[in-house]
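What follows is a short report on a single structure.
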Amino acid sequence: MHVQEWLETVPAVAVYALVGLVIGLESLGIPLPGEIILVSSALLASQHGEIDPVVLGASATAGAIIGDSIGYAIGRKGGRPLLAWLGNKFPKHFSEGHIATAERSFEKWGMWAVFFGRFVALLRIFAGPLAGVLRMPYWKFLIANILGGILWAGGTTAVIYYVGIVAESWLKRFSWLGLVAAVLVGLTSMLVLKRKAKKTNQNLEATGAPTP
């Protein structure tokens, strides 16, 4: 079942809690599809009035900020052994190569790696724990964490919500155009394939090869 179809069966309050929890766990350092859940929920909010986009955005933002903060605390306490343990548990996400890439980003950008890490799938799960492991001053981390969380979670919710509203309105108004376009594409594809098949058979006959 598609994520959005599944979310339609969940009460609005549960959707807010689910979005906050999944994004929080992802920000904490656990590889989860936080962005997919957020985008699907925002799109669902644009099509159904039961889900309030403001509450949804606030839940996502809170989950992002709190999750990252917990990840920072765990990373600061666990240090390098924590990264090694995560590498054993999640080798696909916490491989040595990925950790090295994230560390280079932190060395180059500092607190901005936490901020921009929100918008990069790889850095999103690394930002909190790695900032703690590398002993980034907490006030720098907190500023970048809050700003990044608001802009990514709140901004994504707002953009997807309004895009969903515009797209639904456009499709309702021009649904017949979409139908005509789909028919034309289908006919064109069929004619092209038939022409290619005919040409292939002619070439095979010319060379004396058996036709399929």
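The values are calculated or read from the model by the stated rules, or taken from the named source; none is laboratory data. If you're wondering where the values come from, they're calculated on a predicted model, not measured in any experiment. When we count neighbours, we look across all protein chains shown, and the Cβ atoms used for this are built from the backbone with ideal geometry, even at glycine. Note: areas computed on protein heavy atoms with side chains; ligands, DNA, RNA excluded. Shrake-Rupley method; radii C 1.70, N 1.55, O 1.52, S 1.80 Å.
Give me a comma-separated list of calculated 3J(HN,Hα) values for the stretch 116-131, in order, Karplus coefficients 6.51, -1.76, 1.60 applied at θ = phi - 60°, integers in Hz, x for any Gly or Pro.
Rounded to whole hertz, the list is 6, x, 4, 9, 10, 4, 5, 6, 4, 8, 8, 3, x, x, 5, 4.
Just the number, please: carbon plus sulfur as a percent of the accessible area of the stretch 48-157, 1.4 Å probe, no ligands or DNA/RNA counted.
The C+S portion of the solvent-accessible surface of the stretch 48-157 is 69 percent.
Give the distance, in whole Å, between the Cα centre of the stretch 92-155 and the Cα centre of the stretch 14-72.
A separation of 18 Å, based on Cα centres.
How much length is gained if the chain between residue 14 and residue 159 is pulled fully straight, taking 0.36 nm per residue apart and subtracting their Cα-Cα distance, in nm to one decimal?
50.0 nm
Rounded to the nearest 0.05, what FRET efficiency do residue 55 and residue 151 give with R0 = 22 Å and r taken as the Cβ-Cβ distance? Could you check?
Once rounded, the FRET efficiency stands at 0.75.
With every protein chain kept in the model, how would you rank 77, 140, 108 by accessible area, 1.4 Å probe, largest at the top?
77, 108, 140
Short version: ³J(HN,Hα) in whole Hz for each residue of the stretch 145-153, in order, from phi by Karplus 6.51 cos²θ - 1.76 cosθ + 1.60 (θ = phi - 60°), x for Gly and Pro, what are they?
Once rounded to whole Hz, the list reads 5, 5, 5, x, x, 5, 5, 6, 5.
Residue by residue through the stretch 132-138, what is 3J(HN,Hα) from phi via Karplus (6.51 cos²θ - 1.76 cosθ + 1.60, θ = phi - 60°)? Round to whole Hz and write x for glycine and proline.
x, 4, 7, 6, 5, x, 4
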